[in-house]
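Written out below as structure tokens is the structure these notes cover.
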Amino acid sequence: MSSVRSGPEQFWGSGSPPRTGRIEYRLVRESIVRDYRRGRLGRSDVCDAQPELLRVARNLGRQTATECPICEDADLVHVMFAFGPRLPPSGRAVAPGDLVRFSRQREELACYVVEVCTGCNWNHLLSVFSVGRSAARVR
């Protein structure tokens, strides 16, 4: 299994790491993959991406060089969603280049990075971080 060595700053072009702390979920990911490979979890337990997530992955996702840990047949795609005061309650999918614009806003936005395999429907939350001027002042 190859490790995921990317983050939103690399794929969405901010050029610098997020200003506040970032929560990583890589250990949880490794645990799930390990349980799947040992037969403790079935494919239907781990390959359950919703149709909307798959649509966003196909249209706005950023291709990675990381092979899917489940099907080992397709490369993963990273998708970012933002949640904040002026965004819809369901959040907004973030297109490449939007992160820079979001980081300049007054309001703090929560950003979630999800890895998705459009081949087998694997998906996993990779990280959560905040952007925006409010987030910068907290630091």
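FYI, it's all coordinate maths here, none of it is from the lab. Being a predicted model, the structure only gives us computed values, none of them experimental. We place every Cβ from the backbone using ideal geometry, glycine too, and count neighbours over all the protein chains shown.
Quick notes on this structure:
- Proxy reagent accessibility, fewest Cβ within 10 Å first, across HIS124, HIS78: HIS124, HIS78
- Farthest toward the positive end of the dipole of segment 31-139, out of ALA110, ALA95, THR66, is the Cα of ALA110, where the dipole comes from beta carbon charges about the Cα centre.
- Evaluated over the Cα positions of segment 22-138, the convex hull gives a direction-averaged projected area, one quarter of its surface, of 7.7 nm².
- Dipole size of segment 22-138 about its Cα centre, with +1 on Lys/Arg Cβ and -1 on Asp/Glu Cβ: approximately 500 debye, rounded to the nearest 20.
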